[in-house]
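First comes the structure, then the notes that go with it.
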Amino acid sequence: MPETATTCWVITDGAAGNERQALALAGHLGLPTRAWQLEPAAPWSWLAPRLLVGARLALPATQRRQFAPPWPALAIGCGRSAALFTRALRRWSDGHTYAVQILDPRIDPSEYDLVIAPQHDGLTGPNVLTPLGSLNPIDADWLADGAAAFPDLAHLPSPRRTVLIGANHRDVAVDTQYCVALVEALANKHAAHGGSFLVSTSRRTPAPLTAFLRSAFAKFPGVFWAGPDDGPNPYAGFLAHAQSIFVTPDSVNMLSEACAVGVPVSTWLPQAATGKLGRFHRALIEAGQLRVLGQAAIEPRPPALRETAGIAAEVLRRWHESHALTERQAQGRSDTHR
């Protein structure tokens, strides 16, 4: 029997959004956790997670020596590259590692013990969980910590509007034209109601767009953050002190996290997005979690979109059931051979 330990491995390609989801889930499981950033070499990188043969050789020699027994009790992967290794771990451990994959792995979900794919992925199956949004760490404690870490934000004029800016997506444009119109719309709100803006760009936001936004928001009270040169990242503080949030429509993670705060969340869609992203927008709007600028919100507002704890509880329940079944089967084989 392969050697296993009661630990959890989190496996991603290092992409911030993937790692954030996987670590958020692991944080609710109560197990010692080790995070891996694995990028398989070609040809496995081209075909992940389909090409399983020789998957150990997909890793550099140093990681290959470390990625070894004792295998973890649970493995959580997020993203296509990680899906190769969560799938492999299930086999290398002879099923003793409970393999959880976040996001559609693009192969049969039965290759994993559990797949967590948002509703807009359209994936179904007996071992598939389908939250509305992406997993994230935002809950009351997280927000309290954010408020305590950035207390000065509470003194900015109310209403405090947090503005989260992403970048172009294949299904929606977030470019200069978009941002010019957005600043105009938010300026009109400020003229009518006053307040301040807590503005954060992302690593994906192009530098020229960041420069335009910095200049445009300089005329209003608030804080602008675009990177380490602006000081410590105040993202948690921006969400914790927000009285409303505007999010560009390009990022499922940003929209999900904004909707987890518990304040009104809006976006602007000059044209409806297509594909999975468009389905996600429609689901959030229909659930009352998101409104489009200029349109009325659904009243009464639904509870904050906090799905991670519930998903984690279901992961633990299914893992314990699977573990108990494995133990009974092992005991049955032992009794047979006596």
- Query: Exactly one of (1) part of a helix (DSSP H, G or I); (2) of a type in the set (Gly, Ala, Ser); (3) at pLDDT 85 or above is unmet by residue 332. Its number?
  - Reply: (3)
- Item | Unique residue being modelled with pLDDT of 95 or more and surrounded by fewer than 14 Cβ atoms within 10 Å (Cβ to Cβ) when the list is 283, 258, 313, 242 | 313
- Query: buried (at least 23 other Cβ atoms within 10 Å of the Cβ), assigned to a loop (DSSP other than H, G, I, E, B) and either assigned by TED's automatic domain parsing to the domain that holds residue 284 or not polar (S, T, N, Q) (or both) - does that describe any residue in segment 50-61?
  - Reply: no
- Message: Looking at 270, 232, 300, can you tell me which residue is more than 29 Å from residue 177 (Cα to Cα) and either of a type in the set (S, T, N, Q) or at pLDDT below 95 (or both)?
- Response: 300
- Counting just the residues of segment 33-88 that are among the hydroxyl-bearing types (Ser, Thr, Tyr) and in contact (Cβ under 8 Å) with a residue 12 or more places away in the chain, which one comes out farthest from residue 319 (Cα to Cα)? 45
- Would you please list the contacts, defined by Cβ atoms under 8 Å and residues six or more apart or on different chains, that run from a residue in segment 168-180 that is touching a residue at least 24 places away in the same chain (Cβ under 8 Å) and assigned by TED's automatic domain parsing to the domain that holds residue 208 to a residue that is part of a helix (DSSP H, G or I) and among the charged types (D, E, K, R)? 171/276
- Query: Among 106, 161, which is under 18 Å from residue 234 (Cβ atoms) and in contact with a Lys or Arg (Cβ under 9 Å, 6 or more places away or on another chain)?
  - Reply: 161
- Query: How many residues, within segment 1-32, are touching a residue at least 60 places away in the same chain (Cβ under 8 Å) and part of a helix (DSSP H, G or I)?
  - Reply: 9
- Within segment 89-117, can you find the residues that are charged (D, E, K, R) and without any contact (Cβ under 8 Å) to a residue 24 or more places away in the chain? 90, 104, 108
- Message: Looking only at segment 97-107, count every residue that is within 15 Å of residue 79 (Cα to Cα) and not in a strand (DSSP E or B) and tell me the total.
- Response: 5
- Query: Which residues, counting only those in segment 287-329, are among the small types (Gly, Ala, Ser), closer than 17 Å to residue 115 by Cα and under 20 Å from the mean Cα position of the chain (by Cα)?
  - Reply: 309, 310, 312, 313
- Task: Answer yes if at least one residue in segment 31-50 is in contact with a Cys (Cβ under 7 Å, 6 or more places away or on another chain) and among the aliphatic types (A, V, I, L, M), and no otherwise.
- Result: yes
- Query: Can you name the condition, by its number, that residue 42 falls short on among (1) within 21 Å of the chain's Cα centre (by Cα); (2) not in a strand (DSSP E or B)?
  - Reply: (1)
- When you go through 208, 232 one by one, which is the residue that is farther than 29 Å from residue 282 by Cα and in a loop (DSSP other than H, G, I, E, B)? 232
- Query: Regarding residue 152, is this residue surrounded by fewer than 18 Cβ atoms within 10 Å (Cβ to Cβ) and either under 22 Å from the mean Cα position of the chain (by Cα) or without any contact (Cβ under 8 Å) to a residue 24 or more places away in the chain (or both)?
  - Reply: yes
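So that you can scan it fast, the table gives a plain yes or no per residue for (1) modelled with pLDDT under 95; (2) within 22 Å of residue 226 (Cβ to Cβ); (3) touching a helix residue (DSSP H, G or I) at 6+ places or on another chain (Cβ under 8 Å):
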{"site": "109", "(1), (2), (3)": "no, no, no"}
{"site": "113", "(1), (2), (3)": "no, no, yes"}
{"site": "130", "(1), (2), (3)": "no, no, yes"}
{"site": "136", "(1), (2), (3)": "no, yes, yes"}
{"site": "141", "(1), (2), (3)": "no, no, no"}
{"site": "153", "(1), (2), (3)": "no, yes, yes"}
{"site": "160", "(1), (2), (3)": "no, yes, yes"}
{"site": "169", "(1), (2), (3)": "yes, yes, yes"}
- Item | Failed condition for residue 220, given (1) in a helix (DSSP H, G or I); (2) at pLDDT 95 or above | (1)
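The values are calculated or read from the model by the stated rules, or taken from the named source; none is laboratory data. Predicted, not measured: the structure shown is a model, and the values here were computed from it. Heads up, the Cβs are rebuilt from the backbone with ideal geometry, glycines too, and the neighbour counts pull from every protein chain shown.
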